[in-house]
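Trainee: Have a look at the structure that comes next, please.
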């Protein structure tokens, strides 16, 4: 897939270069023809025949070059057709990439960006990423197994049974809730 993109980029660059050179060649041939007509008027017949034969040769050379460039242009425009086999492998590859992407979080993607490799599969299979994932899993297991602070009671925040600002009704309701 990347090769096709690179070939398309190279083809478009070649096309642009060919078109530019073709335009230059046409301009040069036009300039030479204009010079030829100007020279024809100013020189006599003997000089005209020598010069015109030289210009004819140059024009022929330019036309040859133009034909070659045009042939190269046409040749580069031909694009290879995809077969069903490549489409199937592309679909399978996309499914694998989607599965990999679902198993990764943002931190994983940041680490993958820093790893050298041409494809996501290569980066995920690299020893550096495997070490990162195992270290991350070990840290998550240790955090999960560590003790968390326990709460001191249901009414640790706010008013408690020993609060002197409680009314008798509030004290009685809290007492009933705590004894249930």
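We did not get these values from a lab; they are worked out from the coordinates using the rules stated. Keep in mind the model is a prediction, meaning the values are calculated, not measured. Heads up, the Cβs are rebuilt from the backbone with ideal geometry, glycines too, and the neighbour counts pull from every protein chain shown.
Trainee: Assuming 0.36 nm per residue, please report the length gained on full extension of the stretch residue 25 to residue 116 beyond their Cα-Cα distance. Could you put the intermediate results ahead of the total?
Mentor: On the way: separation 91, 0.36 × 91 = 32.76 nm, distance 4.49 nm.
Fully extending the segment from residue 25 to residue 116 adds 28.3 nm.
Trainee: Now, a different point. Work out how much length residue 72 to residue 131 would gain on full extension: take 0.36 nm times their residue separation and subtract the Cα-Cα distance, in nm to one decimal.
Mentor: Values: separation 59, 0.36 × 59 = 21.24 nm, distance 5.03 nm.
Contour length minus Cα-Cα distance gives 16.2 nm.
Trainee: Same structure, new question: Can you run the Rg to Rh ratio on the stretch 99-144? Use alpha carbon positions and the Kirkwood inverse-distance Rh.
Mentor: With Rh from the inverse mean 1/r over Cα pairs, Rg/Rh is 0.99.
Trainee: Calculate the spin-label point distance for residue 54 paired with residue 170, positioning each point 7 Å from the Cα along the beta-carbon direction, and give it in nanometres.
Mentor: Distance between label points: 11.4 nm.
Trainee: What FRET efficiency do you get for residue 139 and residue 94 if R0 is 25 Å and r is their Cβ-Cβ distance, rounded to the nearest 0.05?
Mentor: The computed FRET efficiency comes out at 0.20.
Trainee: Still on this structure, please answer the following. At a 10 Å Cβ-Cβ cut-off, how would you order 21, 89, 179, fewest neighbours first?
Mentor: Working: 21 15, 89 12, 179 6.
Ascending Cβ contact count within 10 Å gives the list 179, 89, 21.
Trainee: Can you give me the distance in nm between label points at residue 180 and residue 61, each placed 7 Å from the Cα along the Cα-to-Cβ direction?
Mentor: Each label point is offset 7 Å from its Cα along the Cβ direction, giving 10.6 nm.
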